[in-house]
Amino acid sequence: MQQTALLISEEEYLEGENLSETKHEYYRGEVFAMAGASRRHNLIVSNVITGLNLQLKKRPCRVYPSDMRLRIDLTGLYTYPGIMVVCGEEQFADENQNTLLNPDVIVEVLSDSTEGYDRGTKFQSCRQLPSLREYVLVSQNARKIERYARDDRNRWTLAETDEQHPEIILESIGCRLEVAEVYDKTELQN
């Protein structure tokens with residue numbers, strides 16, 4: 001016998017999320033618990049946030065870690081990207097200012113359990129954000145950074161690191177992610 005998932009409203013999700021100690025994504029009435037992150041994942045996220053904050057000092061940009069929720073109006077997805085950067089005026093879903101609507105850059109650190117989702121359904125949904133200029137994927141298992149950038153004709157192009165290209169330039173915010181810095185103090189630092 002097949003069981004049907006119990007669907008809840010957006011309002012029910014938000015009420016529950018405000019009371020929960022665990023973060024959850026919400027999509028089309030379904031709620032999905034988010035797994036904890038590994039040591040290496042946390043170190044990479046910390047390195048990226050530190051690097052971006054230093055480069056964006058005294059500029060009208062803010063870097064948010066994964067506790068800032070994102071809502072994508074066109075798809076109805078509520079999610080917690082690893083890192084979001086917004087430059088200029090921030091737009092929030094409500095007065096609580098805990099759900100961002102307009103990131104310029106999203107950075108996801110890939111794990112074995114989320115890589116397919118981050119590359120597929122999540123990226124497809126994030127592309128519906130008019131504000132989003134760059135979507136960055138950072139491998140947790142190899143020294144590899146991929147940057148997808150939207151051009152003026154709404155096409156996405158890929159740039160990635162390799163031995164000849166040890167950094168990614170985030171053109172929309174004027175920052176760079178250097179492989180050596182991103183993987184500093186991890187087992188992948190060399």
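Some points to look at:
- Selection of region 121-172 for residues being within 26 Å of ALA37 (Cα to Cα) and among the acidic types (Asp, Glu) yields GLU134, GLU146, GLU160, ASP162, GLU167.
- Qualifying residue in region 30-42 (condition: at pLDDT 90 or above, surrounded by fewer than 14 Cβ atoms within 10 Å (Cβ to Cβ) and of a type in the set (D, E, K, R)): yes
- Within region 37-73, being assigned to a loop (DSSP other than H, G, I, E, B), without any contact (Cβ under 8 Å) to a residue 40 or more places away in the chain and either aliphatic (A, V, I, L, M) or in contact with a Ser or Thr (Cβ under 9 Å, 6 or more places away or on another chain) (or both) holds for one residue alone: MET68.
- Every residue from region 165-181 that is without any contact (Cβ under 8 Å) to a residue 24 or more places away in the chain and either crowded, with 20+ Cβ neighbours inside 10 Å or not in a loop (DSSP other than H, G, I, E, B) (or both): HIS165, GLU167, ILE169, ALA180
The values are calculated or read from the model by the stated rules, or taken from the named source; none is laboratory data. In this text the structure is predicted, and so the values were computed from the model without any measurement. Please note: Cβ atoms are built from the backbone with ideal geometry, for glycine as well, and neighbour counts cover all protein chains shown.
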